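Here the structure comes first, spelled out in structure tokens, and everything after it is commentary.
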């Protein structure tokens with residue numbers, strides 16, 4: 001941390017790496033992922049013999065469909081034709097159904113003990129001509145998940161620059177992303193019209209971005225590390241805790257057992273941002289594999305396009321490293337554990353601010369933030385011998401997060417120590433149509449925050465227990481009933497009931513629904529870090545109660561077949577969130593303060609979305625969506641629209657690939673509706689803002705040229721060059737009463753171009 005003394009920094013890093021060593025020793029004896037739950041799984045590759053220019057060649061088939069006959073369990077192969085499926089039974093012969101457009105479907109007998117298979121599909125003899133078409137697969141709706149789950153694949157992540165998680169949702173209508181203020185580079189997301197903190201942000205079903213890391217955490221996950229992103233709306237499974245209210249975003253990192261031997265990515269944009277990424281995986285014998293993921297990004301150019309003497313983009317450097325291990329012994333255990341270390345430094349404010357001379361003075365306004373984050377995790381699964389379909393899994397995460405920062409004359413330091421553990425037992429009741437999961441969890445959070453000399457400390461200790469029953473009528477109906485009870489040392493009991501169902505209305509139509517409760521405790525400084533980049537006085541009107549809300553909704557997906565075996569997929573969903581209590585940030589009471597208080601009245605969100613996906617031509621995919629959000633909160637005794645929430649959003653993405661994807665063209669069009677801006681009528685006229693922001697349109701585009709082991713890509717963002725004028729109120733008087741950089745409703749940086757190279761060595 002660049003403004004912490006050398007002695008303190010040395011002490012912190014000694015503590016950091018000691019924790020890493022102890023954690024790795026403790027967790028190295030554990031066993032793998034709850035997601036696998038110790039079950040035997042089948043790996044393989046799907047290929048086909050095709051004729052190209054008169055020559056027959058064997059090609060892998062990306063995104064081939066696979067499912068176990070007589071069940072609703074299955075999946076798809078990845079972009080390289082590889083797949084990894086869990087077996088619903090380990091001790092009897094199973095039948096795997098494999099299909100791909102233009103090829104004859106095949107059913108393959110999988111005898112007990114088989115762990116790898118190569119599948120070769122044959123041409124469909126009823127077709128006069130067979131065209132191998134690589135489906136775009138940028139995103140899809142999981143066909144087998146009881147909750148509606150949108151999966152953004154590696155293919156979709158590469159359709160945009162996607163340097164980190166915060167830039168991964170531009171072509172999704174479900175999640176909105178924007179800057180929280182105009183000086184720090186912090187990002188915020190919204191789902192169902194509500195702040196992202198009401199959705200669980202997880203990695204591989206483990207707690208990821210939560211607590212103090214919510215301010216900058218979206219920028220801490222590099223895009224090249226991610227294998228996929230799974231976005232589900234509504235309440236999630238009780239196995240994952242009590243915090244999910246509006247949905248869940250789960251990141252799947254690349255795995256050492258199925259990743260490239262070496263992957264390199266270099267990126268640069270016209271604003272001076274540069275980054276380098278490296279992933280490398282190794283196999284160590286038959287049962288061990290490991291992977292190193294590295295990321296370095298830096299911004300060194302001073303950019304001030306709007307001429308307000310404030311940097312549009314903060315300067316700084318981020319160093320991000322992960323090492324993960326995988327250990328597999330068939331029929332016995334599967335272990336994953338890893339360590340993730342991050343150091344992030346950023347510096348912004350007025351272009352002439354001098355960190356050494358001006359900090360703590362009114363000579364110039366500046367901000368600086370230094371963050372160190374250490375996280376270790378383990379996921380373990382035990383296949384229980386002499387039992388039928390029974391397993392026990394363990395998951396654990398330990399996190400240390402430390403941030404030292406200042407925003408003008410506001411000083412903020414925050415430290416969080418967290419420990420999470422989860423033990424799950426899974427079995428069947430009679431047969432595989434009836435499954436039960438039960439277990440215990442423990443969440444410990446120790447917060448130590450200091451804001452302008454005010455010390456805020458608290459420790460949250462939450463043991464809990466849960467149970468979940470799943471009934472499956474194969475190929476027709478799935479019902480999940482869940483209940484958990486957690487005891488919070490401050491807020492007493494959290495009782496969390498949840499229900500999900502999936503009904504196959506027809507061969508082409510699927511109806512899903514969910515209802516459930518969610519709880520969370522607010523961290524107002526990290527969740528509203530933009531307030532520190534203003535002159536507003538922070539007022540706590542009362543002691544905060546736990547936030548509590550109900551969420552319920554339905555969605556329907558229908559597939560309409562087109563000519564030449566192409567499909568049109570149409571979906572519609574509606575979700576409502578009702579708050580029993582919410583910690584409200586009142587920005588309307590006065591332009592000189594923000595008042596935090598518990599909800600006194602109603603607060604709700606209604607969100608409706610409809611979308612269409614189609615492939616009218618070979619290699620050409622169209623996705624279009626429209627979303628309507630009605631979000632209101634009681635503020636000052638009146639039920640009003642929640643601020644900075646777009647009521648309407650339209651999205652149109654176009655993607656075209658030539659044969660074998662030698663060239664790929666991607667375009668993303670966004671239409672964003674107006675947002676209510678907090679009341680500024682008491683400000684002087686030159687500092688007032690309108691009641692609503694205007695609607696605006698944004699265009700992103702990218703071209704990719706693929707070679708055997710290398711991709712070259714270049715593109716542009718915000719090609720319409722739309723910008724919010726005067727994003728910083730009273731930029732000419734940053735130490736005055738009306739300075740505010742948090743009133744951000746749209747992009748404040750203009751057109752940006754970028755280029756990059758990806759190299760893969762298998």
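Any residue at all in region 120-132 that is within 15 Å of residue 43 (Cβ to Cβ), modelled with pLDDT of 75 or more and not assigned by TED's automatic domain parsing to the domain that holds residue 556?
Among the residues of region 120-132, not one is within 15 Å of residue 43 (Cβ to Cβ), modelled with pLDDT of 75 or more and not assigned by TED's automatic domain parsing to the domain that holds residue 556, which makes the answer no.
Condition (residue is in a strand (DSSP E or B) and closer than 30 Å to residue 732 by Cβ) applied to region 376-388: is it met by at least one residue?
Checked against the condition, which is being in a strand (DSSP E or B) and closer than 30 Å to residue 732 by Cβ, region 376-388 yields no hits at all.
Among the residues of region 494-519 satisfying the criterion of being under 14 Å from residue 477 (Cβ atoms) and outside any strand (DSSP E or B), which is modelled with the lowest pLDDT?
If we take residues in region 494-519 being under 14 Å from residue 477 (Cβ atoms) and outside any strand (DSSP E or B), then 506 is modelled with the lowest pLDDT.
If you go through region 259-267 one residue at a time, do you hit one that is in the same structural domain as residue 675 (by TED's automatic domain parsing) and closer than 30 Å to residue 488 by Cα?
no
Given (1) over 22 Å from the mean Cα position of the chain (by Cα); (2) without any contact (Cβ under 8 Å) to a residue 40 or more places away in the chain; (3) under 30 Å from residue 748 (Cβ atoms), where does residue 296 come up short, assuming only one miss?
(1)
What strands (runs of 3 or more DSSP E) lie completely within region 608-719 and have 2 or more residues being crowded, with 17+ Cβ neighbours inside 10 Å?
Those strands (runs of 3 or more DSSP E) span 620-635, 648-657, 663-672, 696-706, 710-717.
Every residue in region 345-371 that is under 27 Å from the mean Cα position of the chain (by Cα) and either surrounded by fewer than 22 Cβ atoms within 10 Å (Cβ to Cβ) or free of Cβ contacts under 8 Å to residues at least 60 places away in the same chain (or both), please.
Hits for region 345-371 are 345, 347, 370.
Can you report the number of residues in region 241-294 which are under 16 Å from residue 224 (Cβ atoms) and in contact with a helix residue (DSSP H, G or I) (Cβ under 8 Å, 6 or more places away or on another chain)?
Residues in region 241-294 being under 16 Å from residue 224 (Cβ atoms) and in contact with a helix residue (DSSP H, G or I) (Cβ under 8 Å, 6 or more places away or on another chain): 10 in total.
Assess whether residue 735 counts as being part of a loop (DSSP other than H, G, I, E, B), under 25 Å from the mean Cα position of the chain (by Cα) and touching a residue at least 60 places away in the same chain (Cβ under 8 Å).
For residue 735, the condition - part of a loop (DSSP other than H, G, I, E, B), under 25 Å from the mean Cα position of the chain (by Cα) and touching a residue at least 60 places away in the same chain (Cβ under 8 Å) - is not met.
Listed residues 185, 156, 178; which is under 15 Å from the mean Cα position of the chain (by Cα) and modelled with pLDDT of 85 or more?
Answer to the selection: 178.
The values are calculated or read from the model by the stated rules, or taken from the named source; none is laboratory data. Quantities reported herein were computed from a predicted structural model and do not represent experimental measurements. Note that we place each Cβ from the backbone using ideal geometry, even for glycine, and neighbour counts take in every protein chain shown.
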